[in-house]
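Visitor: Starting off with a structure, shown below.
The values are calculated or read from the model by the stated rules, or taken from the named source; none is laboratory data. The structure presented is a predicted model; accordingly, all values stated were derived computationally and were not measured. Heads up, the Cβs are rebuilt from the backbone with ideal geometry, glycines too, and the neighbour counts pull from every protein chain shown. Each accessible area value is taken on the protein alone, full model and side chains, heavy atoms only, with ligands, DNA and RNA left out. Shrake-Rupley method; radii C 1.70, N 1.55, O 1.52, S 1.80 Å.
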Amino acid sequence: MAILVAITPSSVLVLVSKILGLVALVQLLRFVWWLVNLLFILPRFDPLRRVPGPDGKKFENHFKEMGDPDVSPEEYDKWSKKYGKTWRYQGFGSFDYRLLSLDLRAISYILNSEVYEKPLMTRRMITRLVGKGVFATEGAEHKALRKLIAPAFTSKAIRALNPIFFQKADELRSIWDDIISSTPQSHTCDTTGDEKVCSETSSGEPEAVIDVFHWLSRLTFDVIGLAGFDYPFHALRDETEEVYSAYRHMFSAIEKCGGIMTILYLQFPILEKLFPNASIRQRNASLRAIRKSGKTLIDGKKAALLAEKASAKEIQEKDLLSLLLKANLSEDPSQQLPDSDILDQLSNFLFAGSDSTTLAISWCLHYLSLNPEIQHRLRDELLTLSPSSASSASSNESADSSVEIEALSYLEAVIKETLRVVPPAHGTLRFATRDDLIPLSHPIITPSGEEMMEIKIRKGSFVHIPLEGLNLSKDIWGEDAHEFKPDRWFNLPATARQHPGLANLMSFSFGPHACPGWRFSIVETKIVLATVIPQFVFEPATKIGKYASIVTRPFVDNQFNWSLPLKVSKYQDC
């Protein structure tokens, strides 16, 4: 006899609810197991537990000590004396040990090893904002991009850009001159548009308090626009240009990355499409503007390169985009990048190049303002240049001028010392893609008293590369390592001469991921300083702090807005 069971809608709903409840319970148990494993089990087997370092509570972190440039130099000194050249510290808590080393052998090994990559979250953040460029790739893809962009950063290619550097430096000089001349000489502040200008009369010469960081950021945008895209942002004249505004909104979004929602968006990209916030909508609008203009630029340059009436040699390849397109077209068709990827490379250069150079010049002017005798000595050296070398020049004149400027030894020393004391990036992170052993040149002593000449690290562990810490290490640079002393570059200690970084510095990193545009940045910095230092005197205007927000930015103490106001007056040769 058959037994018939009536299936009703209500019974189906009961069954579905039970299944969903079971699934939810399973997921909850999985999450609890993951959390217990993360917080209590895995830490017990972390080999970094054997490495000496500061301890803290379960959810205590050492991010401020490791990442705040206003306190980190002293913290590095304190901890290196206590633990040696290599130690571990707490990331998000005692369950998240991270390795930090001032041992040059360990750093060289890590930065040259394919085992260690930029964290996935970092690469996702860069990619979602400025595309999948050279700063957001790893492995074979990164090597291919480095090969493609290499022609754009040769000495010859950078020399061809010198007229742009001179032109924009002279434009900035003229603007500052006008600001000083038009500023009433009193202790009042005038606001013209978005620009606030204050004046002082303590020196007896016309002067104004100018936010040099703001103006230099506009200059470097103009330079990278012409040198990179052959595109005039005109940022020094007007900050409302569409593409300039789009990029500025993009870079502001990078600086503001943080908080739980940013982490969720990076971890689950689908959430951006389902629940976009105002920042994401602004970013998408900026991307559309950038892509539209970029496509127009690329189509025009490709047409010129491919036109039958002009061979590739007849095209004046002074901008990076033309060089990239030519290099890309010379590749095997199967290896060529799509136009969108070419634009991503330029966006990456703009992101990295404009900020790093702005900061190099800004911090240099800051330290010169604090050290008038060094500023005076540098000005004396620059005043030996022929007149055309310290002003805008034609292509032929700029070649001779740049040779003169390159030969100035004290200018070189001042710039290197600035980059040493305040590298654009305070530090960088890597994570281990597999279990590994990191060699040391200086042994560490474990809490149990064992001496170790190598460190075992497990897959997924983070390694902090302290760029500033290496640049300010007393073991490398001497007891005066924290002081701004350009003369040290004329008699470097042996430990500094053995430094593996580019130009004996970690400021541009080194190895396969070293900054490809480091020469570009230094040449631009030299030309800008050679233009403004002979014309102006710089003095402190207020107390300035440092804040590491991807790069180390200046801010006015107690105000926390990115700025570097200095008293600027016209130089009078007595």
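Visitor: When L492 is evaluated against the numbered criteria (1) open to solvent by less than 40 Å² (accessible area, probe 1.4 Å); (2) within 24 Å of the chain's Cα centre (by Cα); (3) not basic (K, R), which criterion, by number, is the only one it fails?
Guide: It is condition (2) that L492 fails.
Visitor: Scan region 119-150 for residues that are in contact with a Lys or Arg (Cβ under 9 Å, 6 or more places away or on another chain), at pLDDT below 85 and not in a helix (DSSP H, G or I) and jot them down.
Guide: K132
Visitor: Could you list all residues from region 212-228 that are out of contact with any helix residue (DSSP H, G or I) (no Cβ under 7 Å at 6 or more places or on another chain) and either open to solvent by less than 10 Å² (accessible area, probe 1.4 Å) or aliphatic (A, V, I, L, M) (or both)? Show your work before the answer.
Guide: Here is the first cut: in region 212-228, the ones out of contact with any helix residue (DSSP H, G or I) (no Cβ under 7 Å at 6 or more places or on another chain) are 214, 218, 225.
Correct list: G225 only.
Visitor: Sticking with this one: Any residue at all in region 495-504 that is in contact with a Phe, Trp or Tyr (Cβ under 9 Å, 6 or more places away or on another chain) and under 27 Å from A169 (Cα atoms)?
Guide: Looking for residues that are in contact with a Phe, Trp or Tyr (Cβ under 9 Å, 6 or more places away or on another chain) and under 27 Å from A169 (Cα atoms), one finds at least one in region 495-504, hence yes.
Visitor: Could you say which residue among A140, A136, A106, A160 is open to solvent by less than 50 Å² (accessible area, probe 1.4 Å), small (G, A, S) and under 20 Å from D341 (Cβ atoms)?
Guide: One residue alone meets the criteria, A136.
Visitor: Could you check, for region 522-539, whether at least one of its residues is in a helix (DSSP H, G or I), hydrophobic (A, V, I, L, M, F, W, C) and under 16 Å from the mean Cα position of the chain (by Cα)?
Guide: Step one: list which residues in region 522-539 are in a helix (DSSP H, G or I), which gives 522-532.
After this cut, where a residue has to be hydrophobic (A, V, I, L, M, F, W, C) as well, the list is 522-523, 527-530, 532.
Retained after the next criterion (residues that are under 16 Å from the mean Cα position of the chain (by Cα)): 522.
Yes; the residues of region 522-539 include at least one that is in a helix (DSSP H, G or I), hydrophobic (A, V, I, L, M, F, W, C) and under 16 Å from the mean Cα position of the chain (by Cα).
Visitor: Return the total of residues in region 69-98 being within 18 Å of A425 (Cα to Cα) and outside any helix (DSSP H, G or I).
Guide: Number of matching residues: 3.
Visitor: Enumerate the pairs (first residue in region 273-288 and within 14 Å of L129 (Cα to Cα); second residue anywhere and among the charged types (D, E, K, R) and modelled with pLDDT under 75) with beta-carbon separation below 8 Å, excluding pairs fewer than 6 apart on the same chain, so at least 6 apart or on different chains.
Guide: S279/K256; I280/E272
Visitor: Out of everything in region 554-565 that is part of a strand (DSSP E or B) and open to solvent by less than 40 Å² (accessible area, probe 1.4 Å), what residue ends up being modelled with the highest pLDDT?
Guide: Only one residue fits best here, namely P565.
Visitor: Please go through region 436-452 and give me each residue that is touching a Ser or Thr at 6+ places or on another chain (Cβ under 9 Å) and either modelled with pLDDT of 95 or more or under 30 Å from P554 (Cβ atoms) (or both), ordered by number.
Guide: D436, I438, L440
Visitor: Quick check on my filter: what residues within region 466-487 are open to solvent by 20 Å² or more (accessible area, probe 1.4 Å) and touching an Asp or Glu at 6+ places or on another chain (Cβ under 7 Å)?
Guide: K474, F484, K485
Visitor: Here are S354, S369: which of them is in contact with a strand residue (DSSP E or B) (Cβ under 6 Å, 6 or more places away or on another chain), of a type in the set (S, T, N, Q), touching a residue at least 12 places away in the same chain (Cβ under 8 Å) and within 26 Å of E468 (Cβ to Cβ)? Walk me through how you get there before you give the answer.
Guide: Numbers: S354 fails: in contact with a strand residue (DSSP E or B) (Cβ under 6 Å, 6 or more places away or on another chain).
Testing whether each residue is in contact with a strand residue (DSSP E or B) (Cβ under 6 Å, 6 or more places away or on another chain), of a type in the set (S, T, N, Q), touching a residue at least 12 places away in the same chain (Cβ under 8 Å) and within 26 Å of E468 (Cβ to Cβ) leaves just S369.
Visitor: Can you tell me which residue among V568, V551 is open to solvent by less than 30 Å² (accessible area, probe 1.4 Å), in contact (Cβ under 8 Å) with a residue 24 or more places away in the chain, farther than 22 Å from K416 by Cα and β-branched (V, I, T)? Write out each step before concluding.
Guide: Details: V551 fails: farther than 22 Å from K416 by Cα.
Step by step, each of V568, V551 is checked, and only V568 is open to solvent by less than 30 Å² (accessible area, probe 1.4 Å), in contact (Cβ under 8 Å) with a residue 24 or more places away in the chain, farther than 22 Å from K416 by Cα and β-branched (V, I, T).
So that you can scan it fast, the table gives a plain yes or no per residue for (1) under 28 Å from the mean Cα position of the chain (by Cα); (2) open to solvent by 10 Å² or more (accessible area, probe 1.4 Å):
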site: D435; (1), (2): no, yes
site: I444; (1), (2): no, no
site: E451; (1), (2): no, yes
site: E454; (1), (2): no, yes
site: H464; (1), (2): yes, yes
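Visitor: Sticking with this one: Which condition does G84 not pass, out of (1) at positive phi; (2) open to solvent by 100 Å² or more (accessible area, probe 1.4 Å); (3) not β-branched (V, I, T), if it passes all the others?
Guide: (2)
Visitor: Follow-up. Give me the pairs: first residue in region 295-311 and open to solvent by 70 Å² or more (accessible area, probe 1.4 Å), second residue of a type in the set (A, V, I, L, M) and at pLDDT 75 or above, beta-carbon distance under 8 Å, and six or more apart or on different chains, which are they?
Guide: Between residues of region 295-311 that are open to solvent by 70 Å² or more (accessible area, probe 1.4 Å) and residues that are of a type in the set (A, V, I, L, M) and at pLDDT 75 or above, the close pairs are K295/L343; L306/L329.
Visitor: Give all pairs with beta carbons closer than 7 Å in which a residue from region 164-178 that is open to solvent by less than 40 Å² (accessible area, probe 1.4 Å) meets a residue that is among the acidic types (D, E); count only pairs at least 6 apart in sequence or on separate chains.
Guide: F165/E524; K168/D222
Visitor: For region 231-262, give me the residue count where each residue is modelled with pLDDT under 80 and exposed (fewer than 13 other Cβ atoms within 10 Å of the Cβ).
Guide: So the count comes out to 4.
Visitor: Across region 277-326, what is the number of residues that are touching a helix residue (DSSP H, G or I) at 6+ places or on another chain (Cβ under 7 Å), hydrophobic (A, V, I, L, M, F, W, C), at pLDDT 80 or above and farther than 20 Å from A157 by Cβ?
Guide: Within region 277-326, residues that are touching a helix residue (DSSP H, G or I) at 6+ places or on another chain (Cβ under 7 Å), hydrophobic (A, V, I, L, M, F, W, C), at pLDDT 80 or above and farther than 20 Å from A157 by Cβ number 2.
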